[in-house]
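**Student:** Could you have a look at this structure, given as structure tokens, before my questions?
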Amino acid sequence: MDLWFTEYQTPALGFSCKINSTLRVEQTPYQHLAVIDTQQFGRMLLLDGMVMTTDVDEYVYHEMIMNVALNSHPAPENILIIGGGDGGTLREAVRHPLVKKATLVEIDARVIEVSREYFPKLSGAFDHPKASVIVADGVEYVKEHIHEYDIIAVDSTEPVGPAIALFRPEFYRDCESSLKEDGMLVVQSESPFFNGDVIEMAYAGISQYFPVTKLYLASIPTYPSGLWSFTVGSKRYDPERPLSTDHKLRYYNPEIHRAAFVLPGMVRGILAGISTSR
Ligand code: SAM
């Protein structure tokens with residue numbers, strides 16, 4: 001008998017994959033956590049039944065949430081990552097040559113511990129000399145660290161549970177204060193096909209506090225609809241402009257960097273409908 005896992009991406013749409021085994025299932029103080037071994041994507045981390053990351057396609061999301069800002073800021077030395085407890089975004093930060101320090105603030109220690117056990121490709125970053133790993137609420141952390149960071153990346157779950165506050169305007173205001181005067185904020189803002197409301201929240205909230213606010217896209221097979229968005233707020237530099245041409249990874253390269261900001265009409269339509277009154 002075949003065993004399948006299904007994520008209900010909408011009440012009417014399931015994403016299913018055949019699994020070899022279930023490796024871990026538990027209820028943490030914040031969410032339901034599972035690790036399954038899938039035939040198509042290798043190991044898969046699930047939180048509250050949603051795909052967070054997989055062995056096979058993790059590099060797309062982690063390279064794109066981090067390297068667009070890293071490669072459009074001239075001196076990305078001090079990085080803050082909110083969420084990201086699997087370690088993939090932190091890996092991208094610490095391997096960038098200009099980064100001197102990367103701090104990860106994850107609210108759920110169990111995500112970090114489980115990633116250490118099952119996702120060594122991602123969690124190896126936790127022990128990097130440039131890395132600092134803190135278990136705390138990112139909402140509170142940014143209030144206590146003013147004008148410290150060159151880049152803040154919010155690698156959060158969708159707006160449920162402790163992540164709800166990470167999509168509010170006051171959090172974006174506090175991130176703006178936590179950034180240096182030329183800093184950048186990048187947040188994962190979900191799927192243009194299924195989560196236009198989340199894109200609206202992120203884009204409208206960020207554009208209240210940042211002079212430059214832009215959206216870019218990447219294709220991620222295991223995320224709802226396969227098309228994913230990131231919203232970036234910048235206090236000075238143009239996030240669309242890659243500064244180095246020799247920064248090439250498995251998905252990210254300077255050409256993809258530029259192309260990611262070219263938006264299809266339906267995504268432009270979502271942004272056009274947002275009043276960005278500041
Ligand atoms: N790439 C995934 C996505 O796009 O959905 C996100 C992966 S990462 C595992 C998401 C992390 O955000 C979770 O581990 C969750 O515990 C963490 N998180 C949620 N709310 C948080 C908060 N307020 N402060 C810090 N971490 C938070």
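**Student:** Select from the range 210-231 the residues that are in contact (Cβ under 8 Å) with a residue 60 or more places away in the chain and closer than 21 Å to Lys180 by Cβ and write down the one among them that is least open to solvent (accessible area, probe 1.4 Å). Full working, then the answer.
**Tutor:** Quick first cut of the range 210-231, residues in contact (Cβ under 8 Å) with a residue 60 or more places away in the chain only: 213, 216, 218-225, 228, 230.
Filter once more, so that each one left must be closer than 21 Å to Lys180 by Cβ: 213, 230.
Numbers: Thr213: 20, Phe230: 0 Å².
The residue in question is Phe230.
**Student:** Can you find even one residue in the range 71-85 that is at pLDDT 95 or above, part of a helix (DSSP H, G or I) and within 12 Å of the ligand (Cβ to nearest atom)? Steps first, please.
**Tutor:** Initially, the range 71-85 is screened for residues at pLDDT 95 or above, giving 71-85.
From what is left, the residues that are part of a helix (DSSP H, G or I) are none.
So far as the range 71-85 goes, no, none of its residues is at pLDDT 95 or above, part of a helix (DSSP H, G or I) and within 12 Å of the ligand (Cβ to nearest atom).
**Student:** Also: In the range 67-104, what residues are out of contact with any Pro (no Cβ under 7 Å at 6 or more places or on another chain), farther than 14 Å from His128 by Cβ and touching a residue at least 40 places away in the same chain (Cβ under 8 Å)?
**Tutor:** Within the range 67-104, Asn67, His73, Pro74, Ala75, Pro76, Glu77, Asn78, Leu80, Ile82, Gly83, Asp86 meet the criteria.
**Student:** Anything in the range 36-54 that is within 12 Å of the ligand (Cβ to nearest atom) and touching a Leu at 6+ places or on another chain (Cβ under 9 Å)? List them, or say none.
**Tutor:** Within the range 36-54, Leu45, Leu46, Leu47, Asp48, Val51, Met52, Thr53, Thr54 qualify.
**Student:** Filter the range 144-188 down to residues that are farther than 24 Å from Ile220 by Cα, within 12 Å of the ligand (Cβ to nearest atom) and surrounded by fewer than 17 Cβ atoms within 10 Å (Cβ to Cβ), then give me how many there are.
**Tutor:** Counting residues in the range 144-188 that are farther than 24 Å from Ile220 by Cα, within 12 Å of the ligand (Cβ to nearest atom) and surrounded by fewer than 17 Cβ atoms within 10 Å (Cβ to Cβ) gives 2.
**Student:** Mind checking which pairs have a first residue in the range 107-129 that is aromatic (Phe, Trp, Tyr) and a second that is part of a helix (DSSP H, G or I), Cβ under 9 Å, 6 or more apart or different chains?
**Tutor:** Phe119/Glu58; Phe119/Gly88; Phe126/Leu90; Phe126/Ile112; Phe126/Ser115; Phe126/Arg116
**Student:** Taking the range 14-30, which residues are in a strand (DSSP E or B) and touching a residue at least 12 places away in the same chain (Cβ under 8 Å)? Step through it out loud before you land on a result.
**Tutor:** Step one: of the range 14-30, the residues in a strand (DSSP E or B) are 14-27.
Passing the criteria: Phe15, Ser16, Cys17, Lys18, Ile19, Asn20, Ser21, Thr22, Leu23, Arg24, Glu26.
**Student:** If you check Ser234 against the conditions, is it farther than 30 Å from Leu13 by Cβ, in the same structural domain as Ser189 (by TED's automatic domain parsing) and crowded, with 19+ Cβ neighbours inside 10 Å?
**Tutor:** yes
**Student:** Of everything in the range 156-172, what is outside any helix (DSSP H, G or I) and touching a Phe, Trp or Tyr at 6+ places or on another chain (Cβ under 7 Å)? Give them in sequence order.
**Tutor:** Pass one, the range 156-172, residues outside any helix (DSSP H, G or I): 156-160, 168.
Pro159 - this is the single residue of the range 156-172 that is outside any helix (DSSP H, G or I) and touching a Phe, Trp or Tyr at 6+ places or on another chain (Cβ under 7 Å).
**Student:** Could you list all residues from the range 61-98 that are among the acidic types (Asp, Glu) and either buried (at least 24 other Cβ atoms within 10 Å of the Cβ) or touching a Gly at 6+ places or on another chain (Cβ under 7 Å) (or both)?
**Tutor:** Our first condition is that a residue be among the acidic types (Asp, Glu); within the range 61-98, this holds for 63, 77, 86, 92.
Listed by number, the residues that qualify are Asp86, Glu92.
**Student:** Another question about this same structure. From the set of residues in the range 99-129 that are touching a Leu at 6+ places or on another chain (Cβ under 9 Å) and in a loop (DSSP other than H, G, I, E, B), which is nearest to Pro159 (Cα to Cα)?
**Tutor:** Taking the candidates together, the pick is Asp108.
**Student:** While we're looking at this one, here's another question. Scan the range 192-221 for residues that are farther than 14 Å from Ala260 by Cα and either outside the structural domain of Pro239 (by TED's automatic domain parsing) or assigned to a loop (DSSP other than H, G, I, E, B) (or both) and report the count.
**Tutor:** The qualifying residues number 8.
**Student:** If we scan the range 237-246, do we find a residue that is assigned to a strand (DSSP E or B), closer than 27 Å to Glu176 by Cβ and not assigned by TED's automatic domain parsing to the domain that holds Thr10? If you could, list the steps in order and put the result at the bottom.
**Tutor:** Pass one, the range 237-246, residues assigned to a strand (DSSP E or B): none.
Looking through the range 237-246, none of the residues is assigned to a strand (DSSP E or B), closer than 27 Å to Glu176 by Cβ and not assigned by TED's automatic domain parsing to the domain that holds Thr10.
The values are calculated or read from the model by the stated rules, or taken from the named source; none is laboratory data. In this text, all values refer to a predicted model and were calculated from it rather than measured experimentally. Cβ atoms come from the backbone with ideal geometry, glycine included; neighbour counts cover every protein chain shown. Note: areas computed on protein heavy atoms with side chains; ligands, DNA, RNA excluded. Shrake-Rupley method; radii C 1.70, N 1.55, O 1.52, S 1.80 Å.
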